[in-house]
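Heads up: the structure comes next, in structure tokens.
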Number of protein chains: 2
Amino acid sequence: MNDNKLVKITFQPDGVEVFVPAGTLLSKAAAAAGVFIESPCGGVATCGKCRVVVSGGCDEPAATERKRLGDDEIAAGVRLACQARVLAESKVMVPDSSRSRVQKILSSATLRDCVVMSGITKTLCEMSAPNLNDETAEFERIESIFARQNRQIKPNINVIRKLSKILRDNDYNVTVVTHDDVLIAVEKGDTTSDCYGIAYDLGSTTIVGYLMDLYTGTELAVSSVMNPQMVYGDDLVSRISFATTQQGGAEALKAVVVDALNRVAREAAEAAGVSTDSIYKATIVGNTCMTHLLLGIDVTSLGQSPYVPSVCADITLPANELGLSNCAESPVVVLPNVAGFVGSDLVGVLLASEWKDNGRTRLAVDIGTNGEMALWYDGNTYSCSAAAGPAFEGAGISCGMRGGPGAIDSVQIGESVEITTIQSQAPIGLCGSGLVDAIAQMLDAGIIDETGRMLSVSQAGELPAALRDRLVETEAGMEFILAVKEESGNGRDISLTAMDIRRVQLAKGSIHAAIQTLIRAAGASDDELDEILLAGAFGNYIRVESAIRIGLIPSISHEQVKSVGNAAGAGARLALLSEDEMAQARELAKSAAHLELAVSPDYQMELMERMLFPLK
Amino acid sequence: MNDNKLVKITFQPDGVEVFVPAGTLLSKAAAAAGVFIESPCGGVATCGKCRVVVSGGCDEPAATERKRLGDDEIAAGVRLACQARVLAESKVMVPDSSRSRVQKILSSATLRDCVVMSGITKTLCEMSAPNLNDETAEFERIESIFARQNRQIKPNINVIRKLSKILRDNDYNVTVVTHDDVLIAVEKGDTTSDCYGIAYDLGSTTIVGYLMDLYTGTELAVSSVMNPQMVYGDDLVSRISFATTQQGGAEALKAVVVDALNRVAREAAEAAGVSTDSIYKATIVGNTCMTHLLLGIDVTSLGQSPYVPSVCADITLPANELGLSNCAESPVVVLPNVAGFVGSDLVGVLLASEWKDNGRTRLAVDIGTNGEMALWYDGNTYSCSAAAGPAFEGAGISCGMRGGPGAIDSVQIGESVEITTIQSQAPIGLCGSGLVDAIAQMLDAGIIDETGRMLSVSQAGELPAALRDRLVETEAGMEFILAVKEESGNGRDISLTAMDIRRVQLAKGSIHAAIQTLIRAAGASDDELDEILLAGAFGNYIRVESAIRIGLIPSISHEQVKSVGNAAGAGARLALLSEDEMAQARELAKSAAHLELAVSPDYQMELMERMLFPLK
């Protein structure tokens, strides 16, 4: 991943090109290019669903891949995208049968009401052409129409440069677009009916864009892609490292995200039947590192303790300066951050939840690789970020996978094990919500105890027979089989290992410890917590009882825990639609205290304790 | 001049390169490159003072030049810069003996007092580095210092991008520069003592820059160059034509002016011993066409009736966006225009003269190729522009020249003719003030009558003998010799022809007619005029009595006529130093009514009348 050499891959028949570091798996390169390939087996060369045809440039297939494909296919250039690594310029044909059809990207969250006042106006200006008796300058002709409506308009030199031509070419019948009284576009004829904006949730894994009508506040389309930066590193630390140690690294990370944002806008605009030229405003929320990279801000300081960002304030710049293909001079607003690891995405969550408005003591948690969270208590906001690791995103767990078809998403253990999977397909792995469910049920069934230790075969005498059979001892330790290979979609047992349990303990322990530390720092007590908001995909699909059972969140009544969906994206939409909401976002970011867990003695103590599972 | 091909000339030993249209005279190309070559004879191959040595790329010398140089010099590559035309890439050596030492560029005007409040602040920020107990973001560290001083600061993404590095490299001891509360620079250590600005008068002939201390309002240095656009056309009409008909023409015109502005800043900064990086603000006045070209605004509409500009409002953009080598993010403010041919230079004149403050009825006239003028009457400003032609700049007059060594600048006719010249050198031509003087004296002496007709030899009997001898009849008509060739610096008679008189009548008539039309349009009467302000070089050097005698301006008491020097430049300096003054400039431009002479029946009538000379 740290090789300087970037190589070009062209995916066919799409014709999409992408530059990736030599050595990148084809499956990752495809994701970076927005070409999504099936991977039910989780990339272990067993399902064979990711067949592609390669013209040169890749490594030689290893024994496992050769075995799966056979000599004829190998001779024809067929490869498994999950195995083949690209070494030099290459063309890759992706057949329809290998394409992934379903993206389970969380895009919807109920948007609360707001007064739509985006700061964008469109004004039809029907003027007479200048003549010797009326030599008013071109811009001032427009200004005089605004003055008649008791409105101001300020010039923007980039629009002024071509103003004369567009007025003359259109007989002085144009639509004038302004943002906060500044001219941002002049368009041919009457285009007043089209006024759109796009709100982005720029996640490290997925990028979601919401195309909104800036008049009505209606959502017109949602589009999403995987974050193509994943090809440069799954987590933020490796992306920061790539940005700061590789020549041109930061530029490459920025460029692929700009491309992805443009792709999202294009797809959403196509779905809604509008033009991206009619997108006059964009808002972006994301973690601090993502937005720093996008804005071209040096991220060196984000990669070293004390992890200080260059700026927390919101930044607005014109779309064309950022490389976005929206209306050239339209504003792109990146929402404010709280700290290096508490980004504008959490600010979006707070904004969407009317954070300060209901007087209750509330906790909002957005669980990703980092657990970003905030507590509202007694008129103050306290925030922190816990390095939970990617267990709840399915990474680092032996049968873990992201939420997608065939992922076990709920588990019930009684006399035997009952599972459900996404889209009811044969199980191929365990996503975050299934993982939490499985552990909660194993705790209840006594398969693991509060220390996380799994029963050995000899200790399992009291379990129902159907469960006992699922406990197996391997060289690496104990395993509990959730789905046997005869029933699975990839011919392998889907199980949880003792090591998986430990990883979950660490992840849930760090999040719960952070919650407790926030509560203590605020001077609150556990029983004062009125409400917990769970944001993000994991928070949306998780079963609350199970989350409490494993001790991921404090034990409060289930009714007090709310899944708020992609609240970060909802916050971005509110800030897009309303300047008042944007002002609130600014105020929320500014007023939030940030707690550094690394120097909190409380946190270390809590972590020791919260790694255990709660007693029933 | 309309040839698409641009060729490169390198002037040695300066090493300065310039691109000019094939066919350009070397003397013009040199001016464009800022290499000033002597031309006492006015470019007619007689004085031989403009010798240069050419390596290839020029046309063949014609007979007159061969005669002046001789075969040895021709063989050695010697050419006269006033004759040689460049055809292809060429190197030109300019010996010291051919270099022009004196530039008579009007740069000084008394600057009235103003409250210095430029909007630029410099703040020494000595901060502690972030640590785990203080993770405030870099920008917000600066913000907190400002907050302690009850001040705001807003981020600028272009500075933020490198903020972290500059803070870390300098142990968090930096000087922060803001403009109107927006961050524009962060500098190493304590640079608070250096805070400069530059005010430009961007004329079509000359560019003057005033380097000012933004703390004290003191003028530190003045520098000037010829406007290098002259190589693309002497007058505005030919430059507009070049910009709109030649591929890349507008870009070339912009680029040479940006270079010239940078050269002026560099020279002024060197003279004052400061760095151009410490120039944090610039203001620019100029005619509408000049500033449109500089800003990259399409000038097509300025080249066609009704001569409408794209914008009159003032425009501010960052130095680096314009290509200026001042502090990268520092503001460059182009002052507002009134109309297509009433530019921000006239607004500068009005600002410098405290236009509305003294209750008198005042007329301000800036005479160049166009006579731009404004009248203040009964609480309103009326403005117009008269196409006077370049006679008063010495162009189109047989012995005319710009103000420079050897130019006749005053004439006294009694029993004989007495002249003075600039720097008391042998006369080689007649500059504007000398021209007006000569005609006034010839009127008084009866050598011409009020219709502009010159005495014939037969009618000259009553003249003193010494004058009579100076009246000569040529094929082209009558001539009056001001300096005989035996005394002149170029071996030729310096004289005024009947045709010259007609040209002056047309020029002065159009200006005076414009004045009268303004007075009428305002509803004023001639005797209500309390004051006339004459701005610019011509206005500064002209003898008021003579200007009144020939009917260039209305006949009022000499004490009521004031030469205000380069008042346009003074206005630029005031707007640089004070945001209040800038607001006044905006108000002056906005409130000035503009009168289009082309559709004024009054003007046509006045013009008929004012072409005559007044009776004594």
Backbone HN-Hα couplings from phi across the range A:287-299 [Karplus 6.51/-1.76/1.60, Hz, Gly and Pro as x]: 6, 4, 5, 4, 6, 4, 4, 4, 7, x, 8, 3, 9
Relative contact order (percent, whole number), the range B:120-188, Cα cutoff 8 Å, 6+ residue spacing: 43
Measure of compaction for the protein assembly as shown (Cα Rg per 2.2 N^0.38 Å): 1.20
Under Karplus coefficients 6.51, -1.76 and 1.60, residue-wise ³J(HN,Hα) of the range A:134-145 in Hz, glycine/proline x: 9, 9, 3, 4, 4, 5, 5, 5, 5, 4, 5, 5
Debye intensity ratio I(q)/I(0), log10, chain B, q values 0.06, 0.07, 0.10, 0.12 Å⁻¹ (C-alpha model): -0.36, -0.49, -0.94, -1.26
Centroid-to-centroid separation of the range A:459-478 and the range B:174-199 [C-alpha atoms, Å]: 72
Kirkwood Rh in Å, taken over all unlike Cα pairs in the range A:173-263: 15.6
Rough spin-label spacing in nm, given labels placed 7 Å along Cα→Cβ, for B:LYS616 and B:SER456: 2.3
Inter-chain Cβ neighbour average for residues B:144-155, partner chain, 10 Å: 1
Degrees between helix A:249-272 axis and first principal axis of chain A (Cα, 0 to 90, nearest 10): 80
Per-residue average of Cβ from other chains inside 10 Å of A:126-133: 3
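What's the ranking of B:264-272, B:6-14 by average number of surrounding C-beta atoms within 10 Å, highest first?
On the way: B:264-272: 19.6, B:6-14: 16.8.
Averaged packing, sorted descending, gives the order B:264-272, B:6-14.
Using Cα pairs closer than 8 Å and at least 6 residues apart in sequence, work out the relative contact order for the range A:471-550, in percent.
15
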26 Å Cα-Cα reach of A:LYS562 towards lysines, excluding residues that sit fewer than 8 places from it in its own chain: A:LYS104, A:LYS356, A:LYS508, A:LYS590, A:LYS616
Selected from B:GLY209, B:VAL115, B:ALA585, residue furthest toward positive end of dipole (the protein assembly as shown; charges at beta carbon): B:GLY209
7 Å along Cα→Cβ, label-point gaps from B:ASP580 to other copies, nm, shortest first: 3.8
Hydrodynamic radius by Kirkwood, which averages 1/r over all alpha carbon pairs of the range A:556-616, in angstrom: 15.4
Distances in nm from A:THR192 to the matching label points in the other copies, shortest first (labels 7 Å along Cα to Cβ): 5.3
A:ASN150-B:LEU6 FRET efficiency (beta carbon distance; Förster radius 45 Å; 0.05 resolution): 0.35
Neighbour net charge for B:PRO130 - beta-carbon separation under 11 angstrom, K R +1, D E -1: -3
Folded to 0 to 90 degrees: helix A:498-521 orientation relative to chain A principal axis, Cα: 50
Under 5 Å, built H, 5+ apart or other chain: amide partners of A:THR218: A:ASP213
Cross-link pairs beyond the 19 Å C-alpha cut-off, checked among A:LYS154/B:LYS281; A:LYS28/A:LYS49; A:LYS122/A:LYS281; B:LYS28/B:LYS49; B:LYS5/B:LYS28: A:LYS154/B:LYS281
Relative contact order (%) - chain A, alpha-carbon pairs under 8 angstrom, separation at least six: 13
GluC sites (Glu not before Pro) restricted to DSSP loop in the range A:356-444 with at most 12 other C-beta within 10 Å: A:GLU415
0 to 90° range, to nearest 10: angle between helix B:567-577 axis and chain B longest Cα axis: 0
Copy-to-copy label separations for A:GLY56, where each label sits 7 Å from Cα toward Cβ, in nm and ascending: 4.3
Centre separation in Å (Cα based) which lies between the range B:548-616 and the range A:551-569: 74
Per-pair calculated FRET efficiency, R0 = 45 Å: B:THR316 and B:LEU132 via Cβ, rounded to 0.05: 0.60
Karplus-derived HN-Hα couplings along the range A:470-480 (A = 6.51, B = -1.76, C = 1.60, θ = phi - 60°), whole Hz, x at Gly and Pro: 7, 8, 10, 9, 10, 4, 7, x, 7, 9, 10
Under 14 Å, Cβ to Cβ, from B:GLN505 - net charge with Lys/Arg +1 and Asp/Glu -1: +1
DSSP-defined antiparallel bridges as percent of all bridges, the protein assembly as shown, nearest 5: 70
Kirkwood hydrodynamic radius over Cα pairs of the range A:226-352, then Stokes diffusion coefficient at 4 °C and 1.567 mPa s, in µm²/s: 86
Spread of Cα-to-Cα distances over 10 Å intervals beginning at zero, given as percent, for the range B:77-210: 9, 27, 19, 14, 17, 11, 4, 0
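Above 18 angstrom, tally the Cα pairs of the range B:120-188 and express them as a % of all pairs, no decimals. Write down the numbers at each step before the final one.
On the way: 644 of 2346 pairs.
Result: 27 percent of Cα pairs exceed 18 Å.
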Percent antiparallel among DSSP beta bridges (both partners in the range B:385-435, rounded to 5): 60
The range B:474-541: radius of gyration and largest Cα-Cα distance (Dmax), Å: 18.1, 54
Global form of the range A:383-532, assessed from the alpha-carbon gyration tensor, a/c cut-off 1.5: prolate
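Read-outs: derived from the displayed coordinates by stated rules, not from any lab. For clarity, every value in this text was computed on a predicted model and none was experimentally measured. Quick reminder, even Gly has a Cβ in these numbers, built from the backbone with ideal geometry, and neighbours come from all protein chains shown.
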